[in-house]
Amino acid sequence: MAAEGDVELELEAEPNGSAGGGEGGGRPAEKPRKHDSGAADLERVTDYAEEKEIQSSNLETAMSVIGDRRSREQKAKQEREKELAKVTIKKEDLELIMNEMEISRAAAERSLREHMGNVVEALITLTN
């Protein structure tokens with residue numbers, strides 16, 4: 001068993017990988033090549049990441065676009081809430097939905113307002 005270990009050490013120690021004769025000569029030569037190609041791939045990935053650094057002007061532009069989009073969404077949401085607040089709902093419909101669906105007053109009111117006070121549509125949506 002120790003002799004086998006010695007043979008493996010000798011094969012790895014050969015610089016050209018042909019110490020094992022014709023039988024095992026090709027195998028040790030492939031291992032260093034795979035290792036070298038992996039190192040080259042790693043260098044390419046590292047170089048690529050370094051080239052893709054974000055410039056501050058691009059960052060400022062992106063932040064302003066995100067800020068504008070958020071403000072538009074916030075404004076649209078506020079307008080939607082104002083429209084929903086204008087919808088009149090009946091107290092009986094609100095209590096019916098609360099009792100039948102076993103949900104909070106706020107959830108029942110929201111559903112009724114979204115369906116313009118139509119209790120049937122609100123109930124159908126809540127059951128689906």
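The values are calculated or read from the model by the stated rules, or taken from the named source; none is laboratory data. Every value quoted in this text rests on a predicted model; they were computed, and no experiment measured them. We place every Cβ from the backbone using ideal geometry, glycine too, and count neighbours over all the protein chains shown. Note: accessible area is taken over every heavy atom of the protein model, side chains too, but ligands, DNA and RNA are not part of it. Shrake-Rupley method; radii C 1.70, N 1.55, O 1.52, S 1.80 Å.
Values computed for the structure shown
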{"item": "Criterion: at pLDDT below 90 and surrounded by 10 or more Cβ atoms within 10 Å (Cβ to Cβ) - qualifying residue of 23, 109, 14", "result": "14"}
{"item": "Any chance residue 90 is in contact with a Leu (Cβ under 9 Å, 6 or more places away or on another chain) and open to solvent by 40 Å² or more (accessible area, probe 1.4 Å)", "result": "yes"}
{"item": "Pairs with Cβ under 6 Å, 6+ apart, first in segment 62-91 and touching a residue at least 12 places away in the same chain (Cβ under 8 Å), second open to solvent by 80 Å² or more (accessible area, probe 1.4 Å)", "result": "87/116"}
{"item": "Segment 111-127 residues that are among the charged types (D, E, K, R), paired with ones that are open to solvent by less than 40 Å² (accessible area, probe 1.4 Å) and not in a helix (DSSP H, G or I) (beta carbon under 8 Å, 6 or more apart)", "result": "113/87; 121/115"}
